[in-house]
Amino acid sequence: MSGMPDVTAGETQPAMGDRGLRPWSERTVWVVRILGIASLVGVAATVWLGLWVTPPDRVQGNLVRLVYVHPAVAWIALYVAFGTVGVASVLWLWPRTRSSFFDRLAASAMEIGTVFTGLTLVTGSIWGKPTWGVWWAWDARLTSTALLFVLQLGYLALRRVPSDPESRARRSAVAALVAALDVPIVHFSVLWWRTLHQKATVLTPTLSPKIHGIMAWTLLLGFVAFTLVFFWMLAVRMRSASIEDYLDDEGMDAALEERWAEGSSIAAESEEPAAAPVGTLVGAGMPATVKGGEL
Amino acid sequence: MPTMTTEPSVWRDAWVVSAKDLRIEMRSRVVMNQVLPFGLLVLVLFALALGPGRQTLIGAAPGLFWVAVLFSSVLAVQRSFSLESSDGARDGLRLAGLDPAGVFLGKAGAVAAQLGALEVVLGAGVVVLYGADVRSLLGLVAACLVATVGLAAAGTIYGALAAGLRVRETLLPFLLLPVVAPVLLAGTRAWQAALGSPPGAAGGASTGGGDPWMGVLVVFALVYVSLGVLLYGYLEEAA
Amino acid sequence: MVPAVHLRSAIALTGRFPALAGADLVVERGEVVVVEGPNGAGKTTLLRLCAGLMAPGGGKASVLGFDLFKDRGEVRRRVGMLGHASFLYDDMSVTENMRFFARAARLPAGEVEAAGERLGLVGRVGRTMVGRLSAGQRRRVALAVLVARRPELWLLDEPHASLDAATRQLLGILVSEAARAGAAVLIASHEPEASLPLADRLVGMSGGRVVSERLLSAHHDDGAVSAHHDDGAVSVA
């Protein structure tokens, strides 16, 4: 953009410095770093406790070790991620709190949530194979999770459709809310569909009532560790999303300058002599297009 | 100058939009001449896939009916918004000064009316083609009425969501069908009860178990009608 | 009284392309402004932005006192637009289309009929399906709808395209009447000759910005620059 001829000297130069990416503050960097270390340590500890320290189950044997992963991952996918998306979407739609920050938050949480939903399906299915003898037994919870997965993929597909940022945020927020309200309806209808269809003939993977102390602690640690992982990934994803927005802004500056240049070259040829140029009137202090926030 | 009374005008605007959409359908008969035969075709294709065994078909009839309705509703919604996309009509509608909630109710109402007509024919098709016998006509009609409201509402929200986009034809079914899955589940169960499908296939749903399903349909309809009324204005703003 | 259009460094994006790249424009009530410029200068986007059909992507923008960032709905019900598209439904007759838009805008029944009569859309033409009309006839229907709505801001995009001489002349009369009644009129055209006799001011656009501006004294016999009084009325000689 330095090579562009500046037509109306000085005045149209957008103030590049005061918008776009605000880098993470020193404190934020540290918080995220500690979050990252904590989540890695938590996951490592869960793996160690889950695979070596805790005893195998009397009924399910070593299979029970999935209990330290599967419910925690499902908890993130169904509640934490979807909750974040829902709240962020409402805050975007609410005119007073509308900001591109919440659009990025919803998009990032949905992306990570989709990964966790996928993991939920995979771990559930791995658990199901030895338990039920099939990869997919149309278990109520797995089925509703699968529908949720498709809803999430739909949201991400919608976001990928080319559009201006404002319209995209608008559509995405509405789609997220419509999908979020569907989750409980899907959940209950699938639950009834399942239980009314075949009265509990399958062995549902629940904990045996007698649970060892160390097992309970490992289970709890798993939930904490995966929750930390989620928020760490969210922070990092938000950061890259804001860099994406920043690059869009940069692209917008270039696009604006290109657009002006296109105008001035044509105007120079075709301007009527009688027309008074109003260069002084034009573009004194270009506005910020889209604010790239922090994080 | 346009008057600024908003409160009672929502229903009036809904009626204006519905009447317009239904009038265009009366003229062009796209839903009647294309979507309806498509729905019947789906019923025939299912029979071809499942084989001519009467028991199989009767057992599957409720589910097949609702799958056919769901597919047809995607097309009906697509038609409802394609008539707004010709010659900039979407902009015309936005400039017309209508209440967004009224536009939503109007378009959803017109879609619901068309789906209702379609369900009558498809229902008859199920009875004729699959040989299902009707045990409780009231049950069938009640389930259809409530489910149609929900389907039309959810469909109209997604129709508007995809309306301004170039990829709307492929995006709409992908977005809409998973959301209306509860309608498929609940509608099928309610129909199983009312059609008196073989108890083996229907399981516990046939006796007294039909009740939660009407509940699901009612909740679904309420949720999506309210969401549409609340959110349609946001969608109208998306360029 | 606030100006009909007030844009300050207004940006409007189509997709990610800045079709309007920082436009400045003030149009007073009762004023007729012609916007000229080559294809792709941003004229249509300017009109669509003023119609409240798209959200501004930056700068300041208000129409009829309503902020285009927030109150586009209010703007849309107060402006009238004659675009490249006619906004009409092919499968309804001329009369049915006009009635639909009249009912949508809560106009008295006589209003739209009078407008239709004025534009010669009665009798056989009135019963014709819009899908069978020629481009010029469609524009006449769209114009009738616009006139009946009595908008406070007229946005005309290449209004003379595909109109016959008689309708062009009628358009001129309608525009002058509207301006005298206090409406602002913004006309976009890449060949402004046809619109110039109506205009108070000629604005040149290119590259998504307003690049030139000229008062047209020829329009006023006494040569006086059009005065914009605070009540929005304009003295026309």
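Summary table below
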item: Local net charge near B:PRO182, Cβ-Cβ under 11 Å (Lys/Arg +1, Asp/Glu -1); result: 0
item: Convex hull volume of segment C:1-56 per residue (C-alpha atoms, cubic angstrom); result: 78
item: Inter-label distance, nm, simple model (7 Å from Cα along the C-beta direction), C:VAL26/B:LEU41; result: 6.2
item: Cα point-scatterer Debye curve for segment B:65-196, base-10 log of I(q)/I(0) at q = 0.10, 0.11, 0.17, 0.20 Å⁻¹; result: -0.35, -0.42, -0.87, -1.10
item: Expected-Rg normalisation [2.2 N^0.38 Å, Cα atoms] applied to segment B:9-237; result: 1.03
item: Percent of alpha-carbon pairs separated by more than 30 Å within chain C; result: 23
item: FRET efficiency, 1/(1 + (r/R0)^6) with R0 45 Å, evaluated for B:GLN34 and C:ARG16 via beta carbons; result: 0.80
item: Sum of side-chain charges, C:TRP154 neighbourhood, beta-carbon under 12 Å (Lys, Arg +1; Asp, Glu -1); result: 0
item: A:TYR246, B:TYR224 arranged by Cβ crowding within 10 Å, fewest neighbours leading; result: A:TYR246, B:TYR224
item: Residue-span extension gain [C:LYS70 to C:ILE173] - 0.36 nm each, minus C-alpha spacing; result: 33.7 nm
item: Net charge over other residues, Cβ less than 12 angstrom from the Cβ of C:LEU25 (K, R count +1; D, E count -1); result: +1
item: Fraction in percent of alpha-carbon pairs per bin - 5 Å, segment C:1-129; result: 2, 10, 16, 19, 15, 13, 12, 9, 3, 0
item: More than 20 angstrom apart: percent of Cα pairs within segment A:69-199; result: 47
item: FRET efficiency for B:ASP133 and A:VAL122, using Cβ-Cβ distance with R0 set to 56 Å, rounded to 0.05; result: 0.80
item: Computed FRET value (nearest 0.05) for B:SER86 with C:ARG127, which takes r as the C-beta separation and R₀ as 30 Å; result: 0.90
item: Fully extended contour minus Cα-Cα distance, from C:GLU117 to C:ASP164, at 0.36 nm per residue; result: 15.2 nm
item: Global geometry of segment C:73-140, whether rounded, prolate or oblate, following the gyration tensor of its Cα atoms and the 1.5 cut on a/c; result: oblate
item: Fewest-first ranking of A:VAL174, B:VAL120, B:VAL74, using other Cβ atoms within 10 Å as the exposure measure; result: B:VAL120, B:VAL74, A:VAL174
item: Spacing of the two label points (7 Å from each Cα toward its C-beta) at B:ARG166 and A:ALA157, in nm; result: 1.8
item: Expected 222 nm ellipticity per residue - DSSP helices of 4 or more, -39500 (n - 2.57), all of chain B, to 500; result: -27000 deg cm²/dmol
item: Within segment C:38-69, backbone nitrogen closer than 18 Å to the virtual label 7 Å beyond the Cα of A:ARG98 toward Cβ; result: C:49-69
item: A:LEU40 versus C:LYS60: modelled label distance in nm, points set 7 Å from Cα along the beta carbon direction; result: 5.1
item: Segment A:110-176 - Rg and Dmax from Cα coordinates, angstrom; result: 15.3, 49
item: Mean Kyte hydropathy of 1.6 or more with a Cα span along the axis of at least 15 Å, helices from DSSP in chain B; result: B:36-50, B:137-163
item: Proxy reagent accessibility, fewest Cβ within 10 Å first, across C:CYS50, B:CYS144; result: B:CYS144, C:CYS50
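Values quoted throughout were computed directly from the atomic coordinates according to the rules given, and no laboratory measurement underlies them. Here the structure is a predicted model, which is why all the values come from computation and not from measurement. Cβ: placed from backbone, ideal geometry, glycine included. Neighbour counts: every protein chain shown.
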